[in-house]
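Report on the following structure.
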C-alpha cells in the first residue's frame, strides 16, 4: 500500500532518576554517599534511505515512544542510557510541524538524518552533592522528560521526470513500456490511484526515474479529482512530460485539455508552469492525418512560453517513437544534472547499489598476530625459521623474519666478527 502522508507523534525517552544511597559495610565507618546517576533517555532519529519507497510503516501506528534511561543505584552504579530509536523514511520526505505547519526538516539525500526528539538528561545521585560542608547529602535530582513532537510526514517523490495529463491519456501504459514498472492499466478513468515510480535504463551507464501521477482534471489544484493529493510528487521533477490524447473518450478537445492542465499547474505552483516540458501526443495511430498534431503546433506558436517545449507523437501500444522520446528525455535529464553539479548540488542515487558505502575500519590485531610471529603455528616454530643474519640477536633470542626464509650472503661484507 502506498502512503505518502501520515500524522504521528514522537516522544523521546525520559532520563533515569538519580539515586540517594549511603555506603553501609562492615568495618567501613562513615562510608559516605554512593548514589549513582540516572541514564540519559533515548533520542529518536529520522534517516532518509534509498529503497524505502513509502510511509506505510507509519500508517497504522500513531505514537512512537523511545526507551527511557535506567535509574541510578547504590555503590556508584550509574543507570544505563536508553538505546536510540532510528526510523527510516523515503528520500524526499518533509517533516512538518502539525500545529504551526512549518517545515522542520526536508530529507532529500540518502543518509541524511536529524534528531527529531532528544532524550531527557539523567538525574544526579547524591554522590554528586558531597562536599566538605555537606558530607551526608540527601539531595538527588529526577530525570528530565524527553522531547515530544507532533509532526506530519509528507512524501514528495524524487524523480527526474514527471508524467502528467488527463485521465486515460496513456501515462501508465508509457511507464510500463519504457521501464520495469507494472502499474494498473484499464480502459476507464482514474485507473491510477497513487503515484508509480519506474527506473528507465537507456543503456548500461544512463538511467532516470519517472513518476506517473493520477490523471488531472479541471479544479485539481482546488481539490477536485485525485490529482490534488499527488501534485506534490512532481514538484521535484526537473522535466515534465505532458501526455495528450488525440481522441479523448469524453469527446473533449485535446488542445483545450492541454491548456486546462497547464492552468491547473500554474494555480498549484507557478514554478511548475515554468519548468521544462515535453508534450507527447499518445495513440498517434488515431490521428492518421496529423490534424491534432498540427493544431498543437499552431497552439504553441500562438501561445509562446519562456521555458523549452517540444512536441512528439508516439504510440506506446505499437512502440512507435518510444526510442526517440526516451533519448530526448535522457538528454534533457543529463543537461539538468550537469547544471546541478555546477551549482554544487548533490545528485540523488537511483538504486541502493549506487549509494557509496563507508569503508569499515580495520580491526586491530593483537601483537602475536600482526608482528613477526604471525607466520608461526604448531607446525612451524621459531626454531624452524632461519635467522636473517645467521646468528642470534643480542637478547639471546633467534631473530625471526617472515619476509625471507633464506640466509643472506655475507661474503661481500667488509666487517666480520673476530
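Since every read-out is calculated from the coordinates, none of them should be taken as a lab result. Keep in mind it's a predicted model, so treat the numbers as computed, not measured. In this analysis, Cβ positions are derived from the backbone assuming ideal geometry, glycine residues included, and neighbour counts consider all displayed protein chains.
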So for each of 75-86, 19-30 I average, over its residues, the number of other beta carbons within 10 Å; can you give me the resulting order with the highest mean first? 75-86, 19-30
Once residue 252 and residue 59 are pulled to full extension, the length gained, defined as 0.36 nm per residue separation minus their Cα-Cα distance, is 65.6 nm
Extension reserve of the residue 334-residue 83 stretch, reckoned as 0.36 nm per residue once the Cα distance is removed: 86.0 nm
For the residues 106, 34, 212, 17, what sequence is obtained by ranking on other C-beta atoms within 10 Å, fewest first? 106, 34, 17, 212
Considering the Cα positions of the stretch 1-155, please state its Rg to one decimal place and its Dmax as a whole number of Å. 20.8, 69
Neighbour counts of other C-beta atoms within 10 Å: give me 312, 307, 150 arranged from fewest to most. 307, 150, 312
Hey, how many Å between the Cα centroid of the stretch 56-92 and the Cα centroid of the stretch 240-262? 52 Å
10 Å binning of all Cα-Cα separations within the stretch 1-77, expressed as whole percents from 0 upward: 17, 27, 20, 15, 12, 7, 2
Here the residues of the stretch 315-340 lying in the modelled label zone of residue 297, meaning backbone nitrogen under 18 Å from a point 7 Å along Cα-to-Cβ, are 315, 321, 325
How much FRET efficiency would the formula 1/(1 + (r/R0)^6) give for residue 382 and residue 362, where r is the Cβ-Cβ distance and R0 is 25 Å, rounded to 0.05? 0.40
Quick check on the exposure proxy: order 261, 320 from fewest to most C-beta atoms within 10 angstrom. 320, 261
Sorted by average packing, counted as other Cβ atoms within 10 angstrom per residue and highest first, what order do 290-302, 367-379 take? 290-302, 367-379
